[in-house]
Amino acid sequence: MASIKDVAAAAGVSVATVSRVLNAHPSVSADARARVLTAVETLGYRPNAVARSLRTDQTHTLGLVISDVMNPYFTELARSVEEEARALGYSVIIGNADERPDLQDHHVRNLLDRRIDGLLVSPTDGGSPLMLDAVRAGTPMVFVDRWIPGVDVPVVRADGQAAVRDLVAHLHGLGHRRVAIIAGPAATTTGSERVEAFRAALAEYGIPLPDAYTGQGDFQAESGRRVMEGFLDLPEPPEAVFAADNLMALGALDAIRARGLRVPDDIALAAFDDIPWFVHTDPPVTAIAQPTGELGRAAVRALVDRIEGRTPTSVTLPARLVVRRSCGEPAPPFPSPTQSPSPVQRSTS
């Protein structure tokens, strides 16, 4: 592999001149610049990115700490982050917190030690001293999906309140009155926000949400299974259950089937965070969909703005209800051979 000394020798210049050309320094003559660039091309020289970062104090690397890589929502988010970062000339290092604050801080610490240019985080809790210290130290940072209240960091997220209201109106229209929720962890903004939005929407229809119908989960499948088993053991089980994320919904579905019950004949089920799997379950699951790809791309743009000296802004995008058949919805009619289906929001899966 060619070295910078090889390039200097081939171009007939000093190593310092090669370095100035590679760093776009204006003091190099046009003739010397042309000879260096020709030598770089001929020899196939590739500058050492680590060494260059020590000189420029920039690595063109972003850190991304996601809450759970096993959650398809965060998998899609990470993919969109990586694609947008690559398009803007940045690489991404990903850390999986697995919904654990200690593991989240482990990844944040390691990423900061690697001298990343900026950090994208979906916080697992609301009070990480390490992240607060990083913000105070001036580390470029953007919160994505979740955030820490009171911390002056741009937030890129979806607003699910209108979609939750739409879901409650949908359940009410289908005749459900005993309605329960498998809530996410209260320490996360999304966990507390979704349960409060659900409670407020039920109140608009005069539907109570008793303590027995509020189960505490942790955004992972096993908690959804455990909470649903508790609901099914009640003297008067709920008619419909809203799981506040997709993995808890899948766990809840496992618990229902383990009892020999069927969705929606015996109990209705809806979820927050639509995923591709939901169209393949029997029946397909009614869910609230977030614009995941748009969130990831917007988060990267906001962080790069901060890194490159521009003023980033927070971004809030709307979530939407996708109606399928897990809440007792009638099966959609099949169009006749001469009739095209009309474009509606209702899914025909």
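The values are calculated or read from the model by the stated rules, or taken from the named source; none is laboratory data. In this text the structure is predicted, and so the values were computed from the model without any measurement. In this analysis, Cβ positions are derived from the backbone assuming ideal geometry, glycine residues included, and neighbour counts consider all displayed protein chains. What goes into the accessible areas is simple: the full protein's heavy atoms, side chains included, and nothing from ligands, DNA or RNA. Shrake-Rupley method; radii C 1.70, N 1.55, O 1.52, S 1.80 Å.
Numbers for the structure displayed
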{"read-out": "Carbon/sulfur fraction of accessible area - the chain, other protein chains in place, 1.4 Å, %", "value": "52"}
{"read-out": "Relative contact order (%) - criterion: Cα under 8 Å, at least six apart; region: the chain", "value": "16"}
{"read-out": "Per residue, in Å², the accessible surface of the chain once ligands and nucleic acids are set aside, probe 1.4 Å", "value": "48"}
{"read-out": "Global size of the chain as Cα Rg and Dmax, reported in angstrom", "value": "25.8, 88"}
{"read-out": "Residue (of 279, 168, 14) at the positive-pole extreme of the chain, dipole from beta-carbon charges", "value": "14"}
{"read-out": "Protection-proxy order for peptides 255-263, 13-21, 137-145, each taking the mean of Cβ atoms within 10 Å per residue, highest first", "value": "137-145, 13-21, 255-263"}
{"read-out": "Vicinal HN-Hα couplings computed from phi for segment 106-114 (Karplus, 6.51 cos²θ - 1.76 cosθ + 1.60; Hz; Gly/Pro x)", "value": "4, 5, 4, 4, 5, 5, 5, 5, 7"}
{"read-out": "Amide H partners (placed H, <5 Å) of residue 269, local residues excluded", "value": "241, 327"}
{"read-out": "Part-to-part distance (alpha-carbon centres) for segment 72-92 and segment 165-225, which is given in Å", "value": "31"}
{"read-out": "Proximal charge balance of residue 249 [Cβ under 11 Å; K/R count +1, D/E count -1]", "value": "-3"}
